[in-house]
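The values are calculated or read from the model by the stated rules, or taken from the named source; none is laboratory data. This is a predicted model, so every value here is computed, not measured. Don't worry about glycine lacking a Cβ; one is built from the backbone with ideal geometry, like all the others, and counts go over all protein chains shown.
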Amino acid sequence: MVSDPADRQLGMDRRAAVQQLLDTRGDALVVSGLGSPTYDVHAAGDHDANYYLWGAMGGAALIGLGLAQSQPERRVIVITGDGEQLMALGALATIAVANPPNLDIFVLDNEHYGETGMQGSHTGRGIDISAIARTCGFAETSVVRTPDEVRELTEHLALSQPTSPRLFVLKIDPENPPRSLPSRDAVFIKNRLRSHLGFNPN
């Protein structure tokens, strides 16, 4: 019998894990999925190179793909949730075929749909997003379960020269820390990123 995901603690503090990821971001562009991933990225420190999603459920990975293709000299980091990535599993096939080497996707997996009432998600029933990405053609995928493993991962990523997109699932506790809210003005967020990239915001 498969246990209810609500009955299990997954072990990692989400805010601390995201902070670890972003402490070594360098000049990377960061796209955050709507809801908790956006709160986590903002809590780690607002930045002109952050692109926060307030909607477009399922769109974070593909927005990351577009940025990676248009900015091939910049690393692009997507931080999203299991519920959002489950909604857009086809995006992983598209990203694998496009094969941008500068795109890293991190899925914060608490095995719940946190924005709609903490219902259990499919990842708590055996669906492995990292294995799906690997099957699609991502050369490097893994599931990360402890802060030490996050540290080892960030050290590895800082030293590596990727030749294809990568995806990593971070297993986190099903918790809802206080919200850290960036601007909700989508035009401002867009124009700020365009200015950061050297484009006329208009």
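Out of everything in the range 163-196 that is touching a Pro at 6+ places or on another chain (Cβ under 7 Å) and farther than 22 Å from A17 by Cα, what residue ends up being surrounded by the fewest Cβ atoms within 10 Å (Cβ to Cβ)?
So the residue we want is T163.
Taking only pairs six or more apart or across chains, which ones have beta-carbon atoms under 6 Å, a first residue in the range 1-29 that is modelled with pLDDT of 95 or more and among the hydroxyl-bearing types (S, T, Y), and a second residue that is assigned to a loop (DSSP other than H, G, I, E, B) and surrounded by 11 or more Cβ atoms within 10 Å (Cβ to Cβ)?
none
What number of residues within the range 42-68 are in contact with a Gly (Cβ under 9 Å, 6 or more places away or on another chain) and under 17 Å from A16 (Cα atoms)?
Going through the range 42-68 one residue at a time, the tally reaches 0.
Quick one: how many residues across the range 79-112 are buried (at least 18 other Cβ atoms within 10 Å of the Cβ) and out of contact with any strand residue (DSSP E or B) (no Cβ under 8 Å at 6 or more places or on another chain)?
Qualifying residue count for the region: 5.
Does R74 count as out of contact with any His (no Cβ under 9 Å at 6 or more places or on another chain), among the charged types (D, E, K, R) and either modelled with pLDDT under 90 or surrounded by 23 or more Cβ atoms within 10 Å (Cβ to Cβ) (or both)?
For R74, the condition - out of contact with any His (no Cβ under 9 Å at 6 or more places or on another chain), among the charged types (D, E, K, R) and either modelled with pLDDT under 90 or surrounded by 23 or more Cβ atoms within 10 Å (Cβ to Cβ) (or both) - is not met.
For the range 113-124, does any single residue satisfy the condition of being surrounded by fewer than 19 Cβ atoms within 10 Å (Cβ to Cβ) and hydroxyl-bearing (S, T, Y)?
Checked against the condition, which is being surrounded by fewer than 19 Cβ atoms within 10 Å (Cβ to Cβ) and hydroxyl-bearing (S, T, Y), the range 113-124 yields at least one hit.
Take T141 and tell me if it is at pLDDT 95 or above, touching a Lys or Arg at 6+ places or on another chain (Cβ under 9 Å), within 24 Å of V97 (Cα to Cα) and polar (S, T, N, Q).
Judged against the criteria, T141 is a match.
Considering only residues that are under 13 Å from the mean Cα position of the chain (by Cα) and part of a helix (DSSP H, G or I), look in the range 21-41 and name the one that is farthest from H112 (Cα to Cα).
If we take residues in the range 21-41 being under 13 Å from the mean Cα position of the chain (by Cα) and part of a helix (DSSP H, G or I), then L22 is farthest from H112 (Cα to Cα).
In the range 166-189, how many are more than 20 Å from G11 (Cα to Cα) and either touching an Asp or Glu at 6+ places or on another chain (Cβ under 7 Å) or without any contact (Cβ under 8 Å) to a residue 60 or more places away in the chain (or both)?
5
Here is a list: L53, L62. Which entry is without any contact (Cβ under 8 Å) to a residue 40 or more places away in the chain and either under 18 Å from N176 (Cα atoms) or buried (at least 20 other Cβ atoms within 10 Å of the Cβ) (or both)?
Checking each option against the conditions leaves just L53.
Which of the residues that make up the range 13-43 are more than 18 Å from E73 (Cα to Cα), of a type in the set (G, A, S) and touching a strand residue (DSSP E or B) at 6+ places or on another chain (Cβ under 9 Å)?
Within the range 13-43, A17, S32, G33, G35, S36 qualify.
Working only within the range 120-157, note down all residues that are within 14 Å of the chain's Cα centre (by Cα) and hydrophobic (A, V, I, L, M, F, W, C).
Passing the criteria: I129, A133, V143, V144, V150.
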